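Working notes, structure below.
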Amino acid sequence: MTLSMFPKGSGKGRTKSKQSIWENWSEYESAANNFERESAKLAEVAESGDMEALAKQVRATGKTCSGCHRNFRKRD
């Protein structure tokens, strides 16, 4: 889903995305895939009821968010 939200040419006009998404597409693609993978793990761990594992996975998922935003999202 994340990759489909940024089709080629969608960085024009008012956007919070940096041009670096399209200039470094393979890096963005890798970051988006990491987010999707960690999010899927988060859903699995949440169903387990293991709160310690859940807290760990929330942090891991959050790191993928902040890493991507730092590199590819303009600050407000």
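The values are calculated or read from the model by the stated rules, or taken from the named source; none is laboratory data. Just so it is clear, the structure is predicted and the values come from calculations on it, not from any experiment. Note: ideal-geometry Cβ built from the backbone for every residue, glycine included; neighbour counts use all protein chains shown.
Cβ-Cβ distances below 8 Å connect the following pairs, each with a first residue in the range 40-57 that is over 19 Å from T2 (Cα atoms), a second residue that is modelled with pLDDT of 95 or more and exposed (fewer than 12 other Cβ atoms within 10 Å of the Cβ), and a separation of six or more residues or different chains: L54/S48.
Check the range 50-70 and report whether any residue there is at pLDDT 95 or above, under 17 Å from the mean Cα position of the chain (by Cα) and among the hydrophobic types (A, V, I, L, M, F, W, C). Scanning the range 50-70, I find at least one residue that is at pLDDT 95 or above, under 17 Å from the mean Cα position of the chain (by Cα) and among the hydrophobic types (A, V, I, L, M, F, W, C), so the answer is yes. Exactly one residue out of S17, S10, S39 is loosely packed, with under 13 Cβ neighbours inside 10 Å and of a type in the set (S, T, Y), and it is S10. Within the range 21-36, the set of residues being free of Cβ contacts under 8 Å to residues at least 40 places away in the same chain, within 13 Å of G11 (Cα to Cα) and among the hydrophobic types (A, V, I, L, M, F, W, C) comprises W22, W25.
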